[in-house]
Amino acid sequence: MNSMNMHRDIISDWQAQHERLFGQHAIKLRHRLAETGLFTRESVGKLIERCPQSHFGLESVSFDGETPKRIYGELGNATGLEAIEAIEKGRMWMNIRRVMDWAPEYNDLLNKIFSEFEARMDGLKTFKRNIGVLISSPNAKVPYHADIQGQSLWQISGVKRVFIYPRSDVFMSSKSIEKILLRETNEDMPYRAWFDDYATTFDLQPGEMLTWPLYAPHKVENHDCLNISVTMEHWTKPIWNSYAVHYGNGVLRRTLGLQNTSTSDHGLHVYPKAASALLWKKMGRQIDGDVVKTRDFRIAPENADGRVSVR
Ligand SMILES: [Fe+2]
């Protein structure tokens, strides 16, 4: 990172009330990630080239069959800049995962950002932080879903519309959350078009970041332009306790058929320490096990849709 800018706060418009809102409500803040020089097109291009195979994800949707099918791509011989160009023309999304594990300057940035949050929010202690880069085509969409840890989305270039739905049983039941936590589902979550009437929408512009409440369902729609975004994840003790409670309830429901399990994240339902340590290990394995082996297409910036079939 450009050391000249290290002393500048990454969040430029933090106000006292954000301490109370963070993690409880959707909040949009302004950031200075562009000043680090780590997210120019050139830097992101280099990052694509440096990304280990195991942390590289490239996806699209094929409309060849009866029903649209998710397909997986590879970089091939394309440079990072060519890949960005291809994504700009096509209908794809590329995930550069866990950047902090293999690019030290991004790890430094991640630490700086969360030190800043921890300094601003009394008692906040984060761990298992994660930073990734998402490069996605004009009009690409991420369907309705919820995530298991604290999330933030930082816009670098392009514009995306983010729909954040209320965190209530109407929009996502405890059972659905348990399914996500127990990783029983890859399917889309139950969604109705009228949900959008109750969503808060944000058109996220370059230089803006968005964070929302734990488990709040959301969906994302790119505007008609290439999008480069940074995704960050974090855990705190309360997030972990909530995870353990939902996980525990999910197991109880499945083994004992309990219907009305409590989801308060403190008290007797929180898993004992030993059990949560085991759970932790299991989770690490599940996250590592995401690697896709077969590839359906390759980046081809010379083609109209930016890709070529390889099967
Ligand atoms: Fe998400």
Lysine pair number, Cα distance threshold 17 Å (strictly under), the range 1-148, separation 8 or more or different chains
4
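Quick one: Cys225, Cys51, fewest Cβ neighbours within 10 Å first, how do they rank? Let's see the in-between values first.
Numbers: Cys225 13, Cys51 22.
Ascending Cβ contact count within 10 Å gives the list Cys225, Cys51.
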Determine ³J(HN,Hα), in whole Hz, for all residues of the range 151-157 in sequence, where each value follows from phi through the Karplus function 6.51 cos²θ - 1.76 cosθ + 1.60 and θ = phi - 60°; x replaces Gly and Pro.
10, 9, 10, 10, 8, 9, 9
Derived scalar couplings ³J(HN,Hα) [the range 92-97; Karplus, 6.51 cos²θ - 1.76 cosθ + 1.60; whole Hz; x for Gly, Pro]:
8, 9, 10, 10, 9, 9
Expected vector for the range 234-241, Karplus 3J(HN,Hα) from phi with 6.51, -1.76, 1.60 and θ = phi - 60°, integer Hz, x for Gly and Pro, equals 8, 10, 10, 4, x, 5, 5, 4
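Bear in mind that the values in this text are calculations on the coordinates, not laboratory data. None of the values given here were measured: they were computed from a predicted structure. Cβ sites come from the backbone with ideal geometry, for glycine too, and all protein chains shown count toward neighbours.
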